[in-house]
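Heads up: the structure comes next, in structure tokens.
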Amino acid sequence: MWPCSSAEAGGCRASEAGQGWGAPGAGAREGGAGAPIGGYLGLATKPTARGWRNASRGWTIRGRTLGRLLEQAGGALDRGDREEAGRLLARFEEQATQALAEAVYQRSRLALDEVRYREAYGHARRAAWFALDNSRYLAGAGELARILGDYGVAGNYLEQVVLTDDLETYGKDHPEVARDCSNLGAVWQARGEYQKAIDYYEEALAANLKAYGEDHPEMARNRSDLGTA
């Protein structure tokens, strides 16, 4: 049984939305026990020039599209077609929000690369708020919550990643889901919630066993995780 249901994940998300995006918990500190272990979540932490060039081309095109939508909405208003203007402005709002979320997320990754964890965390939370169904933004926020020792928030974010993306995309017996479960087990173990950690570690073990078989190195790591919990 999964330790957190879809409804619980949604409740976590709604709760955070109501509380606003404040600073991490009082116990959080930069470079402390929650500092990242290499490759956590498999997320790239260093933006590259090539990556920025590729991204900028896409956003240039999107910027032109946004400009055209505004022009078309203005034309519809000039014609007195308020319904069409509303439809075009709704499309503009949706695409502009996506662009804003991506910009804020990239600011988070830049700050993370420069070891400015609290600033990175603030940007990551904003990105996740702008795009509540984007697993990349949720994972980024969860990663930084963990780095800063805010394990409760980290667990909430990462459970949303598992339940809204990887679990639905791959199924429970996929290595990606096993990785998610291992990370969640580590979060809850650090928080002292050992049974929840064990539940996730066991899910990771079961998924990797089906994906790789008994003799794969991942099996040894999964069993070690269970032993420490």
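The values are calculated or read from the model by the stated rules, or taken from the named source; none is laboratory data. Predicted, not measured: the structure shown is a model, and the values here were computed from it. Cβ placement follows ideal geometry from the backbone for every residue including glycine, while neighbour counts extend to all protein chains displayed.
Of the residues making up region 132-163, those that are more than 17 Å from Val187 (Cβ to Cβ) and crowded, with 19+ Cβ neighbours inside 10 Å number 2. The conditions of being closer than 18 Å to Glu218 by Cβ, over 11 Å from the mean Cα position of the chain (by Cα) and not aromatic (Phe, Trp, Tyr) are not met by Gly122.
Entry remark, region 190-213: residues being within 14 Å of Asp180 (Cβ to Cβ) and of a type in the set (S, T, N, Q) number 1 in total. Checking each residue in region 100-122 for being crowded, with 17+ Cβ neighbours inside 10 Å and either small (Gly, Ala, Ser) or in the same structural domain as Val162 (by TED's automatic domain parsing) (or both) picks out Ala101, Ser108, Ala111, Ala120, Gly122.
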